[in-house]
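Contents: one structure, followed by commentary.
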Amino acid sequence: MSAKLAGLYPYALLYVFILIVAFYFPDISPMADEGIHLYQIQRFHAGDFTVHPGLTTIPGYHWLMALLAMPWDSPGAVLVRRINAFVALGTLTTLIVLTCQVRGRLCLTRLTQLLFLPVVLPFYFLIYTDAVSLLLILLCLSLGLSRRMLLAAMVGTLSLGIRQNNIVWLAMMPFLLYATEGGVWTDRRQLGRHLLRCWPFGICAAVFLAFFIINGGVAVGDQWAHPPLSFYCGNFFFMLLVYLVLFLPAIIARLPQTLAFARAVPTKTLLLALLLTIYLFGFTNSHPYNQVYPEYFLRNMVLMTMVSSVWIKMLCFGPLLLALCDFLARCQGRPAWVVIGVFSMLAVLPAWLIEQRYYIIPLLLMLLYRDEDKPWVEAVTSWFYILAGAICTYGMSTHRFFM
């Protein structure tokens, strides 16, 4: 028994880490969109149910935070951040269960990578919808893998009240569940029976469709910045850049296999020319929100640099192409990666605003489903995530920068 308990200590430390950061996070003024979210939570807490015109999401997150803050007289930034951080404890627990469900065993290294993923970690401690949204999507996947489809769909429907673009990930669920369970894609009967078993997810689709028709679009407020039924390439290429940075050790380790895959692609010259044309003409930085305060918003600084000249833009194409080839090479024999990749594109292509938070769910799922690499790759990736996650959290908590 003592040996089993000793084996749990490292996992307990991950919970302790979340609590320490939550209670020692500096008492600073709201940053970026935190101001809108905190204002909305405080209005609901005070009994004022008017919605801020700049709020783009259904205010389910704000109702939840206001409800949890009811024992206190007035929820300030520190209190709401701590409540939000407690959600991360549930996310960590769900990730432990999902790691066992997907990988067949608990892996401390992979769990550490999932927790410290730099694009996710800081938002556990900020007044943003992403932590709650992520928890509900992960819980939906876990329940689906446990064959509790109705309960999974109910949780998925609740996630639409936090971020309505979660509909893409809910549409992905039946196919990701089928891939995880090792379903044969050429067996139409087996696939049909599985989709029939996943009928409760149709409830999510019906709820979203009703909301879309009544609301006249996906965004609740600030609709000019989030036009419906649009098509933009910016997020696709920027997601490749984020993928390149986060998986760089694994990309380097698999470089020979990736190059062999690229050489074997038929009509590769034509495909390369087509991709380059789309990149040169489609990758633009036209959204006003992506052109402000580059000295503070790291995302905007990178974007403005990438499009500052045609030569810099061309120079960036090679690394982005490497990231794409690595992903496609990894898709071979990994149907779950194919499903995640297809729905990732469906999620980001309609978005005009380029925002790395849109990639939180697909990148985390890619990491969850990624095969074990060489020990040095896993070790370097883990330490890179710990260091980068700590730097990003510290930099954002001290108003030095924002991702």
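The values are calculated or read from the model by the stated rules, or taken from the named source; none is laboratory data. This one's a predicted model, so the numbers in the text were calculated from it and none came from an experiment. Note: ideal-geometry Cβ built from the backbone for every residue, glycine included; neighbour counts use all protein chains shown. All accessible areas refer to the heavy atoms of the entire protein, side chains included, with ligands and DNA or RNA removed. Shrake-Rupley method; radii C 1.70, N 1.55, O 1.52, S 1.80 Å.
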Task: Where residue 44 falls short, out of the listed (1) open to solvent by 20 Å² or more (accessible area, probe 1.4 Å); (2) in a helix (DSSP H, G or I); (3) over 30 Å from residue 394 (Cβ atoms) - done: (1)
Task: The one condition in (1) part of a helix (DSSP H, G or I); (2) open to solvent by less than 80 Å² (accessible area, probe 1.4 Å) that residue 286 fails to fulfil - done: (1)
Open item on the list: With among the hydrophobic types (A, V, I, L, M, F, W, C), open to solvent by 10 Å² or more (accessible area, probe 1.4 Å) and either over 28 Å from residue 48 (Cβ atoms) or assigned to a helix (DSSP H, G or I) (or both) as the only criterion, which of 95, 135, 111 stands out?
Closed with: 135
Open item on the list: Six or more apart or on different chains, Cβ atoms under 6 Å: show the pairs whose first residue is in the range 197-221 and among the basic types (Lys, Arg) and whose second is buried (at least 18 other Cβ atoms within 10 Å of the Cβ).
Closed with: none
- [ ] Scan (1) touching a helix residue (DSSP H, G or I) at 6+ places or on another chain (Cβ under 7 Å); (2) modelled with pLDDT of 90 or more; (3) open to solvent by 40 Å² or more (accessible area, probe 1.4 Å); (4) farther than 29 Å from residue 103 by Cβ for the single condition residue 218 breaks and write down its number.
- [x] (2)
Task: From 71, 26, 30, residue being part of a loop (DSSP other than H, G, I, E, B), open to solvent by 80 Å² or more (accessible area, probe 1.4 Å), more than 30 Å from residue 210 (Cβ to Cβ) and not β-branched (Val, Ile, Thr) - done: 71
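Residue by residue, here is whether (1) touching a Ser or Thr at 6+ places or on another chain (Cβ under 6 Å); (2) over 17 Å from residue 244 (Cβ atoms); (3) of a type in the set (Val, Ile, Thr); (4) modelled with pLDDT of 95 or more holds:
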| site | (1), (2), (3), (4) |
| --- | --- |
| 364 | no, no, no, yes |
| 373 | no, no, no, no |
| 381 | no, no, yes, yes |
| 384 | no, no, no, yes |
| 390 | no, yes, no, no |
| 393 | no, yes, yes, no |
| 398 | no, yes, yes, no |
| 403 | no, no, no, no |
- [ ] For the range 152-165, state whether one or more residues are touching a Pro at 6+ places or on another chain (Cβ under 7 Å), closer than 30 Å to residue 35 by Cα and either at pLDDT 95 or above or assigned to a loop (DSSP other than H, G, I, E, B) (or both).
- [x] no
TODO: Please name all residue pairs, on different chains or six or more residues apart, with Cβ atoms under 6 Å, provided the first residue is in the range 237-261 and is farther than 22 Å from residue 349 by Cα and the second residue is of a type in the set (Asp, Glu) and surrounded by 18 or more Cβ atoms within 10 Å (Cβ to Cβ).
DONE: 251/326; 258/326
Open item on the list: Tally up the residues in the range 9-60 that are of a type in the set (A, V, I, L, M, F, W, C), out of contact with any Gly (no Cβ under 6 Å at 6 or more places or on another chain) and farther than 24 Å from residue 391 by Cα, please.
Closed with: 6
Task: Selected residue (criterion: farthest from residue 122 (Cα to Cα)) from residues of the range 47-68 that are among the hydrophobic types (A, V, I, L, M, F, W, C) and in a loop (DSSP other than H, G, I, E, B) - done: 49
TODO: For the range 55-68, enumerate the residues that are open to solvent by 20 Å² or more (accessible area, probe 1.4 Å) and either β-branched (Val, Ile, Thr) or at pLDDT below 90 (or both).
DONE: 56, 58
Open item on the list: Quick check on the range 309-330. Is at least one of its residues free of Cβ contacts under 8 Å to residues at least 40 places away in the same chain, part of a helix (DSSP H, G or I) and among the basic types (Lys, Arg)?
Closed with: yes
Open item on the list: Checking residue 45 against (1) modelled with pLDDT under 90; (2) over 20 Å from residue 400 (Cα atoms): exactly one of these is not met. Which one?
Closed with: (1)
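For (1) assigned to a helix (DSSP H, G or I); (2) within 27 Å of the chain's Cα centre (by Cα), each residue gets a yes or a no:
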{"residue": "185", "(1), (2)": "no, yes"}
{"residue": "192", "(1), (2)": "yes, no"}
{"residue": "196", "(1), (2)": "yes, no"}
{"residue": "202", "(1), (2)": "yes, yes"}
{"residue": "208", "(1), (2)": "yes, yes"}
{"residue": "217", "(1), (2)": "no, yes"}
{"residue": "243", "(1), (2)": "yes, yes"}
{"residue": "250", "(1), (2)": "yes, yes"}
{"residue": "263", "(1), (2)": "yes, no"}
Task: Single unsatisfied condition, residue 121 versus (1) under 22 Å from residue 168 (Cα atoms); (2) open to solvent by less than 40 Å² (accessible area, probe 1.4 Å) - done: (1)
Open item on the list: Quick test of your reading of the structure: residue 78 fulfils all but one of (1) surrounded by 12 or more Cβ atoms within 10 Å (Cβ to Cβ); (2) within 20 Å of residue 126 (Cβ to Cβ); (3) touching a residue at least 60 places away in the same chain (Cβ under 8 Å). Name the failing condition by number.
Closed with: (3)
Open item on the list: I'd like the full set of residues that are open to solvent by 50 Å² or more (accessible area, probe 1.4 Å) and closer than 15 Å to residue 331 by Cβ, limited to the range 261-283.
Closed with: 264
Open item on the list: Given the criteria in contact (Cβ under 8 Å) with a residue 24 or more places away in the chain and within 21 Å of the chain's Cα centre (by Cα), does residue 232 qualify?
Closed with: yes
Task: Search result, residues across the range 116-132 that are touching a Gly at 6+ places or on another chain (Cβ under 8 Å), of a type in the set (A, V, I, L, M) and assigned to a helix (DSSP H, G or I) - done: 121
